[in-house]
Amino acid sequence: MSVTIPKGAFGSDIGQKLKEAGVVKSVDAFVAAQSQNPDGKKIQAGVFLLKKEMSAAAAVKLMLDPKSQDNLIVPPGQRNAKIYADIDKKLQIPDGTTKAVAKKEFKTFGLPDWANDNSNIKDPLEGFLYPGTYGAAKGMKPETVLKQMVAQANDNYDAIDLSAKAKALNLDSPLQVITVASLVQAEGKTHDDFRKMAEVVYNRLKTTNTETNRYLQFDSTFNYLKGQSNIHISESEINSNKDPYNTYTQKGLPPGPIDNPGAEALAAALNPTHDGWIYFVATDGQNKTEFAKTYAEFQALKDKFNASTGN
């Protein structure tokens, strides 16, 4: 059976939940067992798979075992499409259920008033299913899980004055800060790349940018609109697509975030480097990104990429 322990619950609160579920006989027994276990205080919020009529000591021990935690992990950079599918799987509900609920009910999930500020946004919850660990088990409703994620996003975004940050970064809205962070997350291969990647975004957005003329030209935005992850995209395919998310044919930022960025990508979006980076290439096609300040340097990196990937 699954038992949900809310965020900020004390030992007595956890004991009460377990007693109500028939897992332990008394709250006091659980509190005593938790205090006697050296790791007892490490029990965190989440959904736990437990058994009826356990001893309090056995319940504490099982709750400290990661295998007992029926949680869903959202890694930084995960797109909503994957999260929806993962929720369906965890809750053991038909494929597409969570996606349908998200589309129909998103206005009831507690999004900030600055969210969904563009009519071309494909999914208003993109960027608001915050990376982390969430309780998700059979019997729960998808909206319950989604609301947890949005609440976590709000907590993290509220801790930053995004309106002031947006102005300081010459962005139009708080949502654009999250959009930049999502691009940084998608294009940066390592944490060391993130601040440089943020600078590339801001330099390309400048009205004085004569290198790419305010076109971001990010494959990640095209992959997002296509629902794919492809490192080999033909020029004819990308240049013939006029979707608002295609940053090869549309100037400026895409209408909204393209994934759910983590704290490090967001920090980088708020604090980019100032070294003149405007180009980058994942030179091995996978894990190594190199940056350039001129078109000639960029072409050299492109040749390196073609050589390494056999293009």
- segment 39-167: C-alpha gyration tensor shape, a/c 1.5 cut-off, then a/b vs b/c: oblate
- Query: What 222 nm value per residue comes from the helices of the chain, counting each DSSP H run with n ≥ 4 as -39,500 (n - 2.57) and dividing by all residues, nearest 500 deg cm²/dmol?
  - Reply: -13000 deg cm²/dmol
- Message: What number comes out for accessible area per residue over segment 179-297 if the probe is 1.4 Å? Units Å², please.
- Response: 44
- Message: Can you compute 3J(HN,Hα) from phi for each residue in segment 109-126, using the Karplus curve 6.51 cos²θ - 1.76 cosθ + 1.60 with θ = phi - 60°, rounded to whole Hz and x for Gly and Pro?
- Response: 8, x, 4, x, 5, 8, 6, 6, 8, 9, 5, 8, 5, 6, 9, x, 8, 4
- Task: Give the span of the chain's Cα atoms along each principal axis, as three whole-Å numbers ordered largest to smallest.
- Result: 72, 40, 39
- Note, ³J(HN,Hα) from phi for segment 67-76, Karplus 6.51, -1.76, 1.60, rounded to Hz, x at Gly and Pro: 5, 7, 8, 8, 10, 10, 9, 9, x, x
- Note on the structure: With the charge dipole of the chain built from beta-carbon charges (+1 for Lys and Arg, -1 for Asp and Glu) about the Cα centre, the Cα from ASN37, TYR130, PHE280 projecting farthest to the positive end belongs to ASN37
- Query: Between LEU64 and ASP284, what is the spin-label point distance in nm, taking each point 7 Å from the Cα along the Cα→C-beta axis?
  - Reply: 4.0
- FRET efficiency estimate (nearest 0.05) - Cβ-Cβ, ASP95 to THR207, R0 30 angstrom: 0.10
- Task: Note down the magnitude of the dipole of the chain about its Cα centre, charges +1 on Lys and Arg C-beta and -1 on Asp and Glu C-beta and zero elsewhere, to the nearest 20 debye.
- Result: 720
- Query: If you place +1 on the Cβ of every Lys and Arg and -1 on the Cβ of every Asp and Glu, how big does the dipole about the Cα centre of segment 72-141 come out, in debye to the nearest 20?
  - Reply: 280
- Message: For segment 194-262 and segment 91-159, what is the centre-to-centre distance using only Cα atoms, to the nearest Å?
- Response: 24
- Query: Taking the Cα-to-Cβ direction at ASN271 and at SER229 and moving 7 Å from each Cα, how far apart do the two end points lie in nm?
  - Reply: 2.8
- Loop-resident sites, segment 161-213, for trypsin sites (Lys or Arg not before Pro), counting at most 13 other Cβ within 10 Å (DSSP): LYS206
- Note on the structure: Probe 1.4 Å, heavy atoms of protein chains only: per residue, the accessible area of segment 34-126 in Å² is 61
- Item | Computed accessible area, ASP284, all protein chains, 1.4 angstrom probe, square angstrom | 60
- Task: Quick one: pull the percent of accessible area on the chain belonging to carbon and sulfur, 1.4 Å probe, ligands and nucleic acids left out.
- Result: 48
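The values are calculated or read from the model by the stated rules, or taken from the named source; none is laboratory data. Treat the numbers as computed from the prediction; the structure is a model and nothing was measured. All Cβ positions, glycine included, derive from the backbone under ideal geometry; neighbour counts span all protein chains shown. Surface areas here come from the heavy atoms of the whole protein model, side chains and all, with no ligands, DNA or RNA. Shrake-Rupley method; radii C 1.70, N 1.55, O 1.52, S 1.80 Å.
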